[in-house]
Amino acid sequence: MSAVKLVATPGEVEFSRGMAGVIARETTKSYVNGEEGKLYYHGYSIEDLAAYSTFEEVSYLLLYDRLPNEDELAKFNKRLVEYREIPQPVYNLIKSQSRYYNVHPMSLLRTAVSMMSDFDEVVEDEAFDAQERVAMKLTARLATVAAAIGRARKGLEPIQPRPDLPHAANFLYMLFGEEPDELAAKIMDVILITHADHGCNASTFTSIVVESSESDMYSVVVAGISSLKGPLHGGANQRVMAMLAEIGSPDNAEAWLTRALARKRKVMGFGHRVYKAMDPRAVILHGYAKEITKRAGTEGWLQIAEVIEKTMIEKVGEKGIWPNVDFFSGVVMSSMNIDADLFTVIFAVSRVIGWAAHALEQRADNRIFRPRFVYVGPATSEYVLLENRE
């Protein structure tokens, strides 16, 4: 094999920008079939998991590569419930930062997670079972942190977790102060399930790069949150809702879209780096959007979205540009009275288990990531003393 050229002129060496298509490692966690619009967690279709499973069971599946039996799931759920509470100083941080500074919710989530590591006696324990335990703590506690952030941004006191509620229902209880009904709890569970993992996405890759240096699980999750915060990864559903608000009415939707396409404006919630067919998560959430918007009286949002969806598929579907998960998740969460600035935070509440599962997989078969850059700067530069520079 010939040596790779690492010094070149700009554009001389071909490489995959954004590492598109580059294989990073083997995984048993999830697989995205972009051509057919399929998503599997360890071989189980996302449709079956959304219909029949729970976020707790999916978390077990991603961590251990199998579905639990009843006894195993009961013990797993018990541990998650025991880990839900967060230290009081973390609550204080969330309240003070929300009150006095215009802090982005994802920045606050990132800081809160980092702070929680200071209160964990096993944070620096490199043993596999210790880091596995931290992964479960973070999966349980991100929901508590997220709910506290949502309330603090409205000047409300945090609500303590309830041990008798499942994970998704408990999150909604901590966010709104009342136990959700069956439909709301099921929808939140589905949102968490459908966002839990998705192949080698940007935040998951960021997480395993940090893990590859044998850092701790809190650092892994902080890195994942930092990557997810970027608008090219998380947050697209928030921009979908801004787009629907701009359109205003189903009667305006087709004309708005025609103008947007003519101006080469990006239509939020469409297109995906991997999917060249309909994102199966969008199909699932579209179905729940019909239920929740009818109950909430927000059918107008869905009607606008459906006109945009139909017209976009007619105009650009043949190019592989289809609705992605963000297109309907914003409609669903807005209809549940969840503020748009919490959408990406909730994404992290779900994806934390994916980050942790991939990090533990990396830890079990580790090699530090060390890709290379092609240097395209000057060959040599003569140093000029400061006083002689123009």
Failed condition for residue 133, given (1) surrounded by fewer than 20 Cβ atoms within 10 Å (Cβ to Cβ); (2) touching a residue at least 12 places away in the same chain (Cβ under 8 Å); (3) among the basic types (Lys, Arg):
(2)
Result of the Cβ filter at 6 Å on region 319-339, keeping first residues that are farther than 16 Å from residue 299 by Cβ and free of Cβ contacts under 8 Å to residues at least 60 places away in the same chain and partners that are assigned to a helix (DSSP H, G or I) and of a type outside the set (Lys, Arg), at least 6 apart or interchain, is 323/282; 323/309
Name the residues in region 6-24 that are on the phi < 0 side of the Ramachandran plot, within 24 Å of the chain's Cα centre (by Cα) and surrounded by 10 or more Cβ atoms within 10 Å (Cβ to Cβ), would you?
22, 24
Show the residue pairs that are 6+ apart or on different chains and have beta-carbon atoms under 7 Å apart, the first residue being within region 96-110 and in contact (Cβ under 8 Å) with a residue 40 or more places away in the chain and basic (Lys, Arg), the second being crowded, with 20+ Cβ neighbours inside 10 Å and assigned to a helix (DSSP H, G or I).
110/222; 110/225
For region 134-157, check the following and say yes or no: at least one residue is within 21 Å of residue 120 (Cβ to Cβ), not β-branched (Val, Ile, Thr) and not in a helix (DSSP H, G or I).
no
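Can you tell me how many residues in region 202-248 are part of a helix (DSSP H, G or I), closer than 29 Å to residue 131 by Cβ and of a type in the set (D, E, K, R)?
The qualifying residues number 1.
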Go through region 141-153 and report how many residues are more than 17 Å from residue 216 (Cβ to Cβ) and in contact (Cβ under 8 Å) with a residue 40 or more places away in the chain.
9
If I filter region 83-111 down to residues being closer than 16 Å to residue 157 by Cβ and small (Gly, Ala, Ser), which single residue comes out as surrounded by the fewest Cβ atoms within 10 Å (Cβ to Cβ)?
96
Is one or more of the residues making up region 319-336 surrounded by 10 or more Cβ atoms within 10 Å (Cβ to Cβ) and on the phi > 0 side of the Ramachandran plot?
yes
How many residues, within region 116-133, are farther than 23 Å from residue 175 by Cβ and either in contact with a helix residue (DSSP H, G or I) (Cβ under 7 Å, 6 or more places away or on another chain) or not in a helix (DSSP H, G or I) (or both)?
12
Just to check your reading of the model, which residue among 354, 300, 377, 317 is in contact with a Lys or Arg (Cβ under 8 Å, 6 or more places away or on another chain) and either of a type in the set (Gly, Ala, Ser) or modelled with pLDDT under 90 (or both)?
354
Residues that are among the charged types (D, E, K, R) and under 25 Å from the mean Cα position of the chain (by Cα), drawn from region 301-333
306, 309, 326
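The values are calculated or read from the model by the stated rules, or taken from the named source; none is laboratory data. None of these values were measured; they are calculated from a predicted model. With ideal geometry, Cβ positions are generated from the backbone for all residues, glycine too; neighbour counts draw on all protein chains shown.
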